[in-house]
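Inspection log for the structure reproduced underneath, given as structure tokens.
Derivation of every value follows stated rules applied to the coordinates shown; laboratory data play no part. Everything numeric here is computed off the predicted structure, so don't read it as measured data. Cβ atoms come from the backbone with ideal geometry, glycine included; neighbour counts cover every protein chain shown.
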């Protein structure tokens, strides 16, 4: 039975999922984690810390020791596979918890022109970065479409990319709407506003 139930793709669960696809060293897993989940913002040492923790729980095991720990070869255990399958098909908490940093900034920012102006600049940065990520995902989809989908795994990859692009696009639209609403709010504030 898993100890966590939020349905979140934690670094350990991402590592376990990658391990379900075959044996790996810590070093190779680190590269795959970065390649497969580039926007997850996992800590740089996520693979290095997750594998030993998963091994301590009996979810993966070392099958061949390398000259140094990063070269040890791990494989998923039956228990690990069951744990991963349970996570894969469980129903997560819906909707997911709201822990968005912008939500917190909106809640704690005072209604002065200066503070709203600073908040608008933050929203603009988020907005630009989100539109950039949307464009990047669209580019990956276009590349797959040009090459053509040749097998079920490629088709599933294309569907996953479309989902990710849709998420970034929806977030970008919300950020654009938020920025415009804040700009309108700021324009209607009196010159001197008491917080």
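Here are the numbers:
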| read-out | value |
| --- | --- |
| Over the chain: helical MRE at 222 nm, DSSP H runs n ≥ 4 each giving -39500 (n - 2.57), nearest 500 | -21000 deg cm²/dmol |
| Sequence-separation-based contact order of the chain, relative, with Cα cut under 8 Å and 6+ spacing, percent | 20 |
| Calculated Cα extents along the principal axes in Å (choose from (i) 69, 42, 35; (ii) 74, 36, 34; (iii) 53, 48, 29), label | (i) |
| Mean Cβ count within 10 Å, highest first, over the residues of peptides 122-131, 109-118, 46-55 | 46-55, 122-131, 109-118 |
| Computed lengthening from residue 113 to residue 70, 0.36 nm per intervening residue step minus Cα-Cα distance | 10.2 nm |
| Per-residue Cβ neighbour rank within 10 angstrom, fewest leading, 62, 15, 26 | 62, 26, 15 |
| Separation in nanometres of the label points that stand 7 Å from Cα toward Cβ, at residue 122 and residue 162 | 3.6 |
